[in-house]
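> The structure follows.
The values are calculated or read from the model by the stated rules, or taken from the named source; none is laboratory data. As the structure is a computational prediction, the values presented were derived from the model and not from experiment. Glycine also receives a Cβ, built like all others from the backbone with ideal geometry; neighbour counts cover every protein chain displayed.
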Amino acid sequence: MKRWLVLLALSGMSWAQPIIPGYNLPGVPNRVPETSDMREAKFLFAEAQRLHRQGQVSRAVDLYRKALAADSGRLEYRPYLGQALESLSLYQDSLEQYDLYLAQEPQDLKVRRARLLPLMGLKRWEEVDAELASLDSGLAQDPDFLLYKGLSWLDRQQPARAEGPLRAALALAGEREDIRLNLVTALLLQNKAQESLELLPAAGSQGRADLLRGVALYQLNRPQEAEKVWKALLPSARLVEANLNLATTLAERGEDSQALRLAAQALDLQPTSQAGRLLYARLLNRAGRYEEALGVLRPVLEPDAFVGSRVYLDELTGWTLLGLGRNQESLDYLQQAVKLGATGPSLENNLALVLTRLSRLDEALLHQRKAVELAPQQASAWYLLARLYEKRAQPKQAVQAYEKYLSLETDEAAAGLVRTRVKELTSGRPGAVLR
């Protein structure tokens, strides 16, 4: 569960400080003589900048467009419109505005740098890398350029490669919180918790810095301190990761009902949160509420609806379908998760179970053996292995697996049933296979 916690806390955490319109972009010169349309365009553009600064980005986009319609010759307006569109995740539209500008001003390094963000949003990594290489000589000492280089590697889930440019950016602009927090993110993804903690500002920021502080404390095996930090963030609808991380730690302690409540609250606050959907579905599965879990997962199972690696999504969906008895569909998802790199005893257990249901016992046995290799102290894995041996009419091997199970099981009621079963098998009167 600790690995899952970190992924939740850092999901979507790479972020760039919003560029204030007018900052590090081309100047907008006055032109004389001015027509009434030109004056109207200037007024609309200034109002769009004001709204953009206030975070009213959709309205700003509308006014930027109206300004360009009133004075189409104002080439300098297009990068500002591109910035606003990018912040709304309208990456293709944003790229179009940058390209219209750069078609006439191809040497403008600041706009070429800003253009990296929509390219990254579109996951066009070959173009991103080519542009980074092209800009490197001219912007090697530019903190925003170095930040974007680091973000490109964070977005590709390569934090070790992100660390270098982010450190360089912080050395040039140590006051920049966005650079500092992205560097902390890269370090936490490499389990460098102590170093991360030392880089964070003083506690009590009530923002993403404290969210990351909780992750660092958790990685340092200080869960009570981590929970205290996250609880202080709960009133913020903008930081649903605090709810999700608290839910994860509660579930780890077996407090599933409280964990479910927090995960549901997080999804209410941010219905589009992928991390929220995955955790809520996971907790519903643990409660045996598979139909509800599938309903939670369904929106992100649509083609192109999920952003990022689908490995955990496929594994979780396979588990959900297994609970619903949709065995072939479950197997398809679980095998796809394996192709994408998923591993672990739970995955192996589920593969063994679904293959058993499909009467593919030889394959099931391979996966269950792998499960006990990965988690030799997990009593349930040995129990499932013993059941599988029984189904294959291998009573000697079943007894050995049951005995290993009995050495680990703490529930005396469950252990008593298995002891009875072992006696039946060793006496030569096996009877029915245990359920």
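> Does the range 206-214 include one or more residues that are among the acidic types (Asp, Glu), under 21 Å from the mean Cα position of the chain (by Cα) and modelled with pLDDT under 90? First the steps, then the outcome.
So in the range 206-214, the residues among the acidic types (Asp, Glu) come out as 210.
Now drop any that are not under 21 Å from the mean Cα position of the chain (by Cα), which leaves 210.
Then keep just the ones that are modelled with pLDDT under 90; that gives none.
No, because not a single residue in the range 206-214 is among the acidic types (Asp, Glu), under 21 Å from the mean Cα position of the chain (by Cα) and modelled with pLDDT under 90.
> Among (1) surrounded by fewer than 16 Cβ atoms within 10 Å (Cβ to Cβ); (2) under 30 Å from residue 79 (Cβ atoms); (3) of a type in the set (Gly, Ala, Ser), which single condition is residue 162 missing?
(1)
> Checking the structure you have, find out if any residue of the range 259-281 is of a type in the set (Asp, Glu), part of a helix (DSSP H, G or I), at pLDDT 90 or above and within 25 Å of residue 307 (Cβ to Cβ). Step through it out loud before you land on a result.
Narrowing the range 259-281 to residues of a type in the set (Asp, Glu): 268.
With part of a helix (DSSP H, G or I) added as a condition, the list becomes 268.
Subsequent filtering for residues that are at pLDDT 90 or above retains 268.
Next, only the ones that are within 25 Å of residue 307 (Cβ to Cβ) stay: 268.
Yes: the range 259-281 contains one or more residues that are of a type in the set (Asp, Glu), part of a helix (DSSP H, G or I), at pLDDT 90 or above and within 25 Å of residue 307 (Cβ to Cβ).
> Any residue that is surrounded by fewer than 21 Cβ atoms within 10 Å (Cβ to Cβ), at positive phi, outside any helix (DSSP H, G or I) and not aliphatic (A, V, I, L, M) - is there at least one of those in the range 195-216?
Checked the range 195-216: at least one residue is surrounded by fewer than 21 Cβ atoms within 10 Å (Cβ to Cβ), at positive phi, outside any helix (DSSP H, G or I) and not aliphatic (A, V, I, L, M).
> Based on what the data block shows, is residue 171 surrounded by fewer than 19 Cβ atoms within 10 Å (Cβ to Cβ) and part of a helix (DSSP H, G or I)?
On the way: surrounded by fewer than 19 Cβ atoms within 10 Å (Cβ to Cβ): yes; part of a helix (DSSP H, G or I): yes.
When the stated conditions are applied, residue 171 passes them.
> Sticking with this structure for a sec: Would you confirm whether or not the range 379-401 contains a residue that is more than 31 Å from the chain's Cα centre (by Cα), part of a loop (DSSP other than H, G, I, E, B), modelled with pLDDT of 95 or more and surrounded by fewer than 18 Cβ atoms within 10 Å (Cβ to Cβ)?
Looking through the range 379-401, none of the residues is more than 31 Å from the chain's Cα centre (by Cα), part of a loop (DSSP other than H, G, I, E, B), modelled with pLDDT of 95 or more and surrounded by fewer than 18 Cβ atoms within 10 Å (Cβ to Cβ).
> On the basis of being over 28 Å from residue 106 (Cα atoms) and at pLDDT 90 or above, does residue 54 make the cut?
On the way: over 28 Å from residue 106 (Cα atoms): yes; at pLDDT 90 or above: yes.
When the stated conditions are applied, residue 54 passes them.
> While we're on this one: Residue 314 - would you say it is under 18 Å from the mean Cα position of the chain (by Cα), of a type in the set (D, E, K, R), part of a helix (DSSP H, G or I) and farther than 25 Å from residue 211 by Cα? Don't jump to the end; show me each part of the working.
Numbers: under 18 Å from the mean Cα position of the chain (by Cα): yes; of a type in the set (D, E, K, R): yes; part of a helix (DSSP H, G or I): yes; farther than 25 Å from residue 211 by Cα: yes.
It is true that residue 314 is under 18 Å from the mean Cα position of the chain (by Cα), of a type in the set (D, E, K, R), part of a helix (DSSP H, G or I) and farther than 25 Å from residue 211 by Cα.
> Has the range 243-253 got at least one residue that is outside any helix (DSSP H, G or I) and either surrounded by 14 or more Cβ atoms within 10 Å (Cβ to Cβ) or touching a helix residue (DSSP H, G or I) at 6+ places or on another chain (Cβ under 6 Å) (or both)?
Start the filter on the range 243-253 by keeping residues that are outside any helix (DSSP H, G or I), which leaves 253.
Okay, now just the ones that are also either surrounded by 14 or more Cβ atoms within 10 Å (Cβ to Cβ) or touching a helix residue (DSSP H, G or I) at 6+ places or on another chain (Cβ under 6 Å) (or both), so none.
No, because not a single residue in the range 243-253 is outside any helix (DSSP H, G or I) and either surrounded by 14 or more Cβ atoms within 10 Å (Cβ to Cβ) or touching a helix residue (DSSP H, G or I) at 6+ places or on another chain (Cβ under 6 Å) (or both).
> State all residues of the range 293-333 that are farther than 15 Å from residue 282 by Cβ, of a type in the set (A, V, I, L, M) and buried (at least 18 other Cβ atoms within 10 Å of the Cβ); if no residue qualifies, say none.
331
> Which numbered condition in (1) under 26 Å from residue 219 (Cα atoms); (2) touching a residue at least 24 places away in the same chain (Cβ under 8 Å) is the only one that residue 164 fails?
Residue 164 satisfies all of (1) under 26 Å from residue 219 (Cα atoms); (2) touching a residue at least 24 places away in the same chain (Cβ under 8 Å) except (2).
> Something else about it: Can you tell me which condition residue 146 does not meet? The list is (1) more than 23 Å from residue 248 (Cβ to Cβ); (2) touching a residue at least 60 places away in the same chain (Cβ under 8 Å), and all the others hold.
Here residue 146 meets the rest and fails (2).
> Given the conditions (1) within 19 Å of residue 96 (Cβ to Cβ); (2) surrounded by fewer than 18 Cβ atoms within 10 Å (Cβ to Cβ), report the number of the one that residue 140 does not fulfil.
Going through the list (1) within 19 Å of residue 96 (Cβ to Cβ); (2) surrounded by fewer than 18 Cβ atoms within 10 Å (Cβ to Cβ), residue 140 breaks only (1).
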